[in-house]
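The values are calculated or read from the model by the stated rules, or taken from the named source; none is laboratory data. Not measured: the values here are computed from a predicted model. All Cβ positions, even for glycine, are placed from backbone atoms using ideal geometry, and neighbour counts span all protein chains on display. Please note that ligands, DNA and RNA were not included when accessible areas were found on the heavy atoms of the full protein model with its side chains. Shrake-Rupley method; radii C 1.70, N 1.55, O 1.52, S 1.80 Å.
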Amino acid sequence: MNNPDINIIIIDREGETHKIEAPTDMAMNLMEVVRSYELAPEGTIGVCGGMAMCASCQCYVLSETELPEMQDDEEAMLSEAFYVKDNSRLGCQIQMTPEMEGLEVELAPES
Ligand code: FES
């Protein structure tokens, strides 16, 4: 049997670590995974619906996972967001694919 799930780790804004299985066959992005597991209160993440326009889904990438390149809109949004670090990415721009196996991220503070 082909298991399309990947294992990822998400540290929530309270500092709690969650080991999560995320499906790779549902066209979900990381922000939607956080929402579906309710790891951040409703209304504090995914505010723009995944359009790279709000930065509420910002997270810090802790693993060495090779991520898709940042597109211009993501880069532009992060240049205006608060609490941005070198390893910041927008969760809504990271699709759940088999390559994301082992991904570990920490949610950025609410801004
Ligand atoms: S959900 Fe708005 S930038 Fe990701």
Inset, instruction - Could you give me the residue pairs with C-beta distances under 7 Å whose first residue belongs to the stretch 61-76 and is of a type in the set (Phe, Trp, Tyr), whose second residue is open to solvent by less than 50 Å² (accessible area, probe 1.4 Å) wherever it lies, and which are 6+ apart or on separate chains? - result: none
Legend entry - Residue check, ILE45 part of a loop (DSSP other than H, G, I, E, B), within 16 Å of the ligand (Cβ to nearest atom) and surrounded by 16 or more Cβ atoms within 10 Å (Cβ to Cβ): yes
Inset, instruction - Within the stretch 29-41, count every residue that is away from the ligand (no atom under 13 Å from the Cβ) and part of a loop (DSSP other than H, G, I, E, B). - result: 4
Legend entry - Filter result (part of a loop (DSSP other than H, G, I, E, B), within 13 Å of the ligand (Cβ to nearest atom), within 20 Å of GLU106 (Cβ to Cβ) and of a type in the set (A, V, I, L, M, F, W, C)) within the stretch 51-81: ALA52, CYS54, ALA55, CYS57, MET70, ALA81
Inset, instruction - Answer yes or no: is there a residue in the stretch 27-42 that is at pLDDT below 95, over 14 Å from the mean Cα position of the chain (by Cα) and not basic (Lys, Arg). - result: yes
Inset, instruction - Residues being touching a residue at least 12 places away in the same chain (Cβ under 8 Å), more than 23 Å from GLN71 (Cα to Cα), more than 14 Å from the chain's Cα centre (by Cα) and assigned to a loop (DSSP other than H, G, I, E, B): count how many of those fall in the stretch 1-26. - result: 1
Inset, instruction - Filter the stretch 68-107 down to residues that are hydrophobic (A, V, I, L, M, F, W, C) and surrounded by fewer than 15 Cβ atoms within 10 Å (Cβ to Cβ), then give me how many there are. - result: 2
